[in-house]
Ligand SMILES: Nc1ncnc2c1ncn2[C@@H]1O[C@H](COP(=O)(O)OP(=O)(O)OP(=O)(O)O)[C@@H](O)[C@H]1O
Ligand SMILES: [Mg+2]
């Protein structure tokens, strides 16, 4: 019997990253990874197929060489401003006065029977809790006695075209897509502990093009959202503020950047290369703090407002975990603590063995999380292989089912 290999493909705005994991009885072992700059995306969404395919191929080839195996299928991430998450309840009467497997399926289907527009697709239906008669907070109601079963679900939808483009790119790079997974959900698999998910935690994936939020409580997801601002905006602000090309601004940000001005010494200086034959300039490093702090504050404040609007801001008070490449900015957890009035930390991928040194960075949380998500779901789930030609039919089939339920 062959070993089970799971591959996560994170198609990000700044890099495309493939992580290969081997499922073992004692846990997941990372056996390979490849990362390549991404040039075909804007704000988390594919805008150039050809460039994206090339980057996927490069990342996959690198991962294949390291893992010593051929990659044929992947779990791919999805993000972008088109993603929406809503909470829905569903109720059914229990015919047998005892909850059966069929009842559980039926109540989830009822809760998911929302009218999704034709141009949107359901990416996840995540169960938050079951309620049998008046007993709430039930994780698994199978076999319980009662007359009424209620399910609360979180439904994540996204633009069909965005999902199609991800699949198209993967297919053209020679890959099947086992499943499409919300990037923040994947990241949370890699960086949140079980305890954090239970007590309540806000996961913030502060990437290059987007900043994603996923809120957890009692082991379930309560709220998700995607903000179309990220580390690229910080780089752009530096480029404008210091009048330097973006490539230089990016280097300066990574070498000298900080999320809080107060963390920078008064007499620290930075060297900014001259443009067009002009000589380099020496500036106070404080300027960088003055440029970056307000932008990070703006991004975190928008996320906080989103939380308040969702009505779940209380839940985040037990903890905020910031991950994604921009989480490496010094002072990021201090800034998060100020804005969210909650303890905060930077999230590194955990719960894996093998090549841990290679993936031990916040920017690899999504790719590692996709592997963890795959490892958790591939046995129980119907394995559908999404191919270009049949995704539309697949979506149509799902829709027809809901419409049938509604009428
Ligand atoms: N040491 C660092 N300090 C500050 N910023 C950093 C550092 N390392 C990486 N970044 C920033 O992190 C961002 C990339 O993060 P990440 O790899 O998580 O994004 P992505 O997954 O490609 O994009 P997205 O998820 O938004 O589509 C870039 O803006 C980059 O400048
Ligand atoms: Mg990302």
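The values are calculated or read from the model by the stated rules, or taken from the named source; none is laboratory data. Owing to the predicted nature of the structure, the values given are computational and were not obtained by experimental measurement. Ideal geometry is used to build each Cβ from the backbone, glycine not excepted, and the neighbour counts take in all protein chains shown.
Details
- Strands (runs of 3 or more DSSP E) (entirely within the stretch 269-377) containing at least 1 residues that are over 14 Å from residue 204 (Cβ atoms) and away from ligand 2 (no atom under 16 Å from the Cβ): 269-272, 281-284
- Scanning the stretch 1-29 for residues that are within 16 Å of ligand 1 (Cβ to nearest atom) and part of a strand (DSSP E or B) gives 8, 9, 10, 11, 15, 16, 17, 18, 19.
- All of 254, 238, 221 fail the test of being surrounded by 23 or more Cβ atoms within 10 Å (Cβ to Cβ), within 28 Å of the chain's Cα centre (by Cα) and assigned to a helix (DSSP H, G or I), apart from 238.
- Exclusive hit being in a loop (DSSP other than H, G, I, E, B), at negative phi and out of contact with any helix residue (DSSP H, G or I) (no Cβ under 7 Å at 6 or more places or on another chain), set 107, 114: 114
- Residue 36 fulfils the conditions (1) surrounded by fewer than 20 Cβ atoms within 10 Å (Cβ to Cβ); (2) within 16 Å of ligand 1 (Cβ to nearest atom); (3) assigned to a loop (DSSP other than H, G, I, E, B) except for a single criterion, (3).
- Boolean, residue 10 is modelled with pLDDT of 95 or more, away from ligand 2 (no atom under 16 Å from the Cβ) and closer than 26 Å to residue 212 by Cα: no
- Residue among 200, 230, 208 that is away from ligand 1 (no atom under 12 Å from the Cβ) and not assigned by TED's automatic domain parsing to the domain that holds residue 137: 200
- Pairing residues of the stretch 319-334 that are under 15 Å from residue 264 (Cα atoms) with residues that are away from ligand 2 (no atom under 15 Å from the Cβ) and part of a loop (DSSP other than H, G, I, E, B), at Cβ distances under 6 Å and at least 6 apart in sequence or on separate chains, gives 329/257; 329/259; 330/258; 331/258; 331/259; 331/260; 332/259; 334/260.
- Which numbered condition residue 174 misses (of (1) within 16 Å of the chain's Cα centre (by Cα); (2) on the phi > 0 side of the Ramachandran plot): (1)
- Scanning the stretch 174-203 for residues that are touching a helix residue (DSSP H, G or I) at 6+ places or on another chain (Cβ under 6 Å) and within 17 Å of residue 350 (Cβ to Cβ) gives 186, 187, 189, 190, 191, 203.
- Condition check for residue 96 on (1) at pLDDT below 95; (2) in a helix (DSSP H, G or I): one failure, at (2).
- In the stretch 253-281, the qualifying residues are those that are farther than 18 Å from residue 299 by Cα and touching a helix residue (DSSP H, G or I) at 6+ places or on another chain (Cβ under 6 Å), and the one that is nearest to ligand 1 (Cβ to nearest atom) is 256.
- Count of residues meeting criterion [within 18 Å of residue 260 (Cβ to Cβ) and more than 16 Å from ligand 1 (Cβ to nearest atom)] in the stretch 305-328: 1
- Residues located in the stretch 48-83, provided they are over 19 Å from residue 19 (Cβ atoms), outside any helix (DSSP H, G or I) and away from ligand 2 (no atom under 16 Å from the Cβ): 48
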